[in-house]
1. Can you name every residue in region 50-105 that is of a type in the set (Val, Ile, Thr) and at pLDDT 85 or above?
2. Need pairs with beta-carbon distance below 6 Å; first residue at positive phi and within region 31-42, second assigned to a loop (DSSP other than H, G, I, E, B); sequence gap 6+ or separate chains.
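The values are calculated or read from the model by the stated rules, or taken from the named source; none is laboratory data. Bear in mind that the values here come from a model prediction, so they are computed numbers and not experimental data. Cβ placement follows ideal geometry from the backbone for every residue including glycine, while neighbour counts extend to all protein chains displayed.
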Amino acid sequence: MTSVTAATKYTPGPWFVKPARTRLHIRNAADPRFGATGRYIGELARACGSAECAANAALIAAAPDLLAALRSVVGNDNDNDGSLGVSAGVGKRNWQATMKQVRRAVAKAEGAAQ
């Protein structure tokens, strides 16, 4: 789940796709004020073809997860040298956790985890 920070200027995640009759709605699941359907983020018309629109909606809904995964990668690069301290110990555990987060975000962007 994406947390709200001082720098966050978008609706926090997670976001999800909720199919409607002629549109695919992108909604936020993190805000209890909006109930089970979540806060409305945006929508796509299904006119572009159902498979393409579904893929586009999945990619949009994954945006907060993808950003969080990339922030995690950047945050784990303590030496700012791109190595992420992968050699051993804590660095390796951090890298494994980061890669797990990255894989989940990519899977969601590709429509595998709705």
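1. The answer is 60, and nothing else.
2. 38/29
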